[in-house]
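Accompanying notes for the structure given below.
The values are calculated or read from the model by the stated rules, or taken from the named source; none is laboratory data. This one's a predicted model, so the numbers in the text were calculated from it and none came from an experiment. Cβ: placed from backbone, ideal geometry, glycine included. Neighbour counts: every protein chain shown.
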């Protein structure tokens, strides 16, 4: 019996917005949020498997039309296409009869950073830190060069893929979920409430926020998000890897070991954004440079199975 998600049945097909000859078959549901679902689909032509993020094109979120949110995320992903460490928008699907629009994206077969962190032995956490520091710094430096800020850096949005050979598969990370991304120096007042509930996408957003991005008094943050806020968030992620407290609500503690990891993270967690390292400056640190040569092979303990994929893909759904 077919199961329906947003009137999309498992086994049914949808047509690409860009080519009437390209179709995708819905295989399964990966996750769901207040605004839609993430479905697992396969292309009819090449039998490739993808994640399809389904969003409503009606209604609003915080005074922004849902159609605008979809168009903004898709537009930013198109601007960033081709980078090894940024999830790629493969295609779009528009379903006007049910007021839905979809993004076809790479499927994170290995879950997210948290999945990998919990799967690998503790003695490989330093290698993981180096790899994430290098690959995510590359991603941030690239998006910042395109005048884009992510605004939601956390382990949920660092997705894990496999590269290398079939015999020796290695982890490769990609930055995902640009649902609340914006332009650098976007001269607008932004409503950023304290977010005690789940924010637009993922979990524990508030624990990764740079100090200067918190609302003051009225709840209206007049100092726009800047690129260095992304750097601070990545610094929290790295500190948590070293403190063995990934996705913890506790303040990341310093110093961490070894010393040149601590030097990098200390500059990333500088509370004054004027003194905080930029993504480009982070690339000069030894810890980041060493990450370019790290090969972290896939862990043999894969007890998480498809659940890891489902959890990470679920976080691609925009939440209230």
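A few points about this structure:
- Residue check for residue 56: farther than 23 Å from residue 234 by Cβ, modelled with pLDDT of 95 or more and surrounded by fewer than 22 Cβ atoms within 10 Å (Cβ to Cβ): no
- When 126, 114 are checked against the criterion of being within 16 Å of the chain's Cα centre (by Cα), surrounded by fewer than 24 Cβ atoms within 10 Å (Cβ to Cβ), part of a helix (DSSP H, G or I) and touching a residue at least 24 places away in the same chain (Cβ under 8 Å), a single residue qualifies: 114.
- Flag if residue 298 is farther than 22 Å from residue 128 by Cα, surrounded by 13 or more Cβ atoms within 10 Å (Cβ to Cβ) and at pLDDT below 95: no
Rundown of residues vs (1) touching a residue at least 12 places away in the same chain (Cβ under 8 Å); (2) under 22 Å from residue 175 (Cβ atoms); (3) buried (at least 20 other Cβ atoms within 10 Å of the Cβ), yes/no style:
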{"position": "67", "(1), (2), (3)": "yes, no, no"}
{"position": "70", "(1), (2), (3)": "yes, yes, yes"}
{"position": "74", "(1), (2), (3)": "yes, yes, no"}
{"position": "77", "(1), (2), (3)": "yes, yes, yes"}
{"position": "83", "(1), (2), (3)": "yes, yes, no"}
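- Any hit, region 223-235, residues being part of a loop (DSSP other than H, G, I, E, B), farther than 18 Å from residue 110 by Cα, modelled with pLDDT under 70 and in contact with a strand residue (DSSP E or B) (Cβ under 9 Å, 6 or more places away or on another chain): yes
- Within region 42-58, considering residues that are outside any strand (DSSP E or B) and more than 15 Å from residue 19 (Cβ to Cβ), the one nearest to the chain's Cα centre (by Cα): 57
- When residue 320 is tested against (1) part of a helix (DSSP H, G or I); (2) at pLDDT below 95, only condition (1) is not met.
- Candidates 170, 151: the one that is more than 15 Å from the chain's Cα centre (by Cα) and either assigned to a strand (DSSP E or B) or within 16 Å of residue 213 (Cβ to Cβ) (or both) is 170.
- The number of residues in region 259-271 being in contact (Cβ under 8 Å) with a residue 60 or more places away in the chain and either assigned to a loop (DSSP other than H, G, I, E, B) or touching a strand residue (DSSP E or B) at 6+ places or on another chain (Cβ under 6 Å) (or both) comes to 1.
- Residue check for residue 164: under 30 Å from residue 55 (Cα atoms) and either without any contact (Cβ under 8 Å) to a residue 12 or more places away in the chain or in contact with a strand residue (DSSP E or B) (Cβ under 6 Å, 6 or more places away or on another chain) (or both): no
- Set 42, 20: member being farther than 23 Å from residue 173 by Cβ and either modelled with pLDDT under 95 or loosely packed, with under 15 Cβ neighbours inside 10 Å (or both): 20
- Residue 167 vs. criteria surrounded by fewer than 23 Cβ atoms within 10 Å (Cβ to Cβ) and either modelled with pLDDT of 90 or more or under 23 Å from residue 112 (Cβ atoms) (or both): no
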